[in-house]
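Peer 1: Below are the structure tokens for one structure; questions will follow.
What follows draws every value from the coordinates through simple rules; no lab data is involved. The structure presented is a predicted model; accordingly, all values stated were derived computationally and were not measured. Here the Cβ is made from the backbone with ideal geometry for all residues, glycine too, and neighbour counts use every protein chain on show.
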Amino acid sequence: MSILARSPYLAVLRKELLDTLRDRRTLIAMIVVPLLLFPLLMVGMAKFTQSRAEEARSKVLMVAVADPKNDSGLADHLDAQTGIDIERTRDVSQLAARIASEEIDAAVVLDPTFRRDVDALGPGGLTLLYKSSDDFDIQKERLLGALGSFEQTLLAQRFAAMGTSPSIVHAVTVNEHDVASTRERLGKVIGGLLPYMFIIFCFTGSMYPAIDLAAGEKERGTLETLLTAPVHRRTLVLGKFTVVALAGILSALIAMLGLYVSVLQGIDGIPPEVLGAIAQVLEPGAIAMVFALLLPLSMFFAALLLTLSVYARSYKEAMSIISPMMIVVVVPAALALAPGSRLTAITALIPVLNVSLATRELLAGTAQPALIALVFGSLVLLAAGSLWACTRWFAREDIVFRS
């Protein structure tokens, strides 16, 4: 007698697993999207960011300079800068409108008393008009750099006339030293974003199998046939639950694999030292701990989604019920990105948020074992409770055969 014949659970598991692997939508959501998304996303973002930054740095800026007395020397200074063309003007009334319409890139309006204030050893006033853009404000930074060099020129002339060294204005020299390691700094940044992505993959990877194995079977009329089999209903639920949980964790695991491979292979546009630091953050030990946290979370998702799916009358109704749940999952995961969010004894008990915060601490290498254990324990209890509730829900005839 085969092991499948001796174990009803394994027989149900095999049947549900085969049904899931035959579903094209499930395979795409569980394998194809997670495997390709991270490499394509990282390569695409790196190339796009690099091209936009290069374009902003190489663009020739058209800057209007309104110097009422034409005695500041700013227009000549800016005209000598590479990549800046100057338009001298006295009409300042249309400058804002011209910048808004992108006829010119920016404008500098000097106070009428600019030269007099500078000669009196005071600061000369000017106004920089610009339009903020999505190019990392590189154009504004270029103009501020040019204005800064003009200020240094005026200061050099002032100190030369006074016979004094420019260093006289510096009474204190501050030497900054960040004691946080590269892994800690980078881990805090990456660790806030990665769990957000992994949790979404874990949820979406479980969603399609859960809908198909409950609401889908209702719609196809095969659920009734399955319930007539000489198998305890709890065994049927465990078989379906295992497949859904495996789909979710496999989806998250494939996403991790895609990310790790893309980092190891290197990405054009990202400096090798940055990629090396990322690879240090994504060390196998930290990834294994993150994976361990995702296991009970995927079990919770599986039980929750099966419960909602068995309540639905059809595949379409299940989609309409479960799809809004994505917001419930995304919001706690996104809260981990907020400044000041920390893993504490309280946040360690909040589902989804605790995984995001724990992942950030693990990748940064600052995790406290007691808090990580609390997160894991709370997730295990939550998964066990949700599975118990799903089994009870599945045992109700008025729910399973709701019409």
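Peer 1: Relative contact order (percent) for segment 309-403, with alpha-carbon contacts under 8 angstrom and 6 or more residues of separation? Before the final figure, lay out the partial values.
Peer 2: Details: 61 pairs, mean separation 27.7, N = 95.
RCO, segment 309-403: 29 percent.
Peer 1: What is the order of Arg360, Arg22, Arg142, fewest Cβ neighbours within 10 Å to most? Before the final figure, lay out the partial values.
Peer 2: Details: Arg360 26, Arg22 10, Arg142 21.
By the 10 Å Cβ count, ascending, the order reads Arg22, Arg142, Arg360.
Peer 1: Moving on. Can you figure out the FRET efficiency of Ala120 with Val179, using R₀ = 41 Å and their beta-carbon distance, to the nearest 0.05?
Peer 2: Details: r = 45 Å, r/R0 = 1.10.
Between Ala120 and Val179 the formula returns 0.35.
Peer 1: Quick check on segment 59-169: take the gyration tensor over C-alpha atoms, sort the square-rooted eigenvalues as a ≥ b ≥ c, and tell me if it's rounded (a/c under 1.5), prolate or oblate. Each step should come with its number before you reach the end.
Peer 2: Working: a/c = 2.39, a/b = 1.63, b/c = 1.47.
Prolate, because a/c is 1.5 or more and a/b exceeds b/c.
Peer 1: Once amide H atoms are built 1.01 Å from N in the peptide plane, which residues 5 or more positions from Ile104, or in another chain, come under 5 Å H to H?
Peer 2: Those lying under 5 Å, H to H, from Ile104 are Ile99.
Peer 1: Please list 3J(HN,Hα) in residue order for segment 306-323, calculated via the Karplus relation 6.51 cos²θ - 1.76 cosθ + 1.60 where θ = phi - 60°; whole Hz, with x for glycine and proline.
Peer 2: 5, 4, 5, 5, 5, 6, 6, 7, 8, 4, 5, 5, 4, 4, 5, 7, 7, 4
Peer 1: For segment 59-169, calculate the relative contact order in percent as a whole number, restricting contacts to Cα pairs under 8 Å that are 6 or more residues apart.
Peer 2: Values: 134 pairs, mean separation 27.0, N = 111.
RCO, segment 59-169: 24 percent.
Peer 1: What aspartates and glutamates could a cross-link reach from Lys240, if we take a straight Cα to Cα line under 20 Å and drop same-chain neighbours fewer than 8 places away?
Peer 2: Once the sequence-local aspartates and glutamates are set aside, what remains near Lys240 is Glu16, Asp19, Asp23, Asp212, Glu217, Glu219, Glu224, Glu317, Glu397, Asp398.
Peer 1: Are there GluC sites (Glu not before Pro) in segment 120-181 that DSSP marks as loop and that have at most 14 other Cβ atoms within 10 Å, and which are they?
Peer 2: Values: sites: Glu141, Glu151, Glu176; in loops: Glu176.
Of the GluC sites (Glu not before Pro), the ones in loops of segment 120-181 whose Cβ has at most 14 other Cβ atoms within 10 Å are Glu176.
Peer 1: While we're on this one: Tally the DSSP beta bridges in segment 59-169 and give the antiparallel ones as a percent, rounded to 5. Intermediate values should be presented prior to the final figure.
Peer 2: Working: 5 of 14 bridges.
That works out to approximately 35 percent antiparallel.
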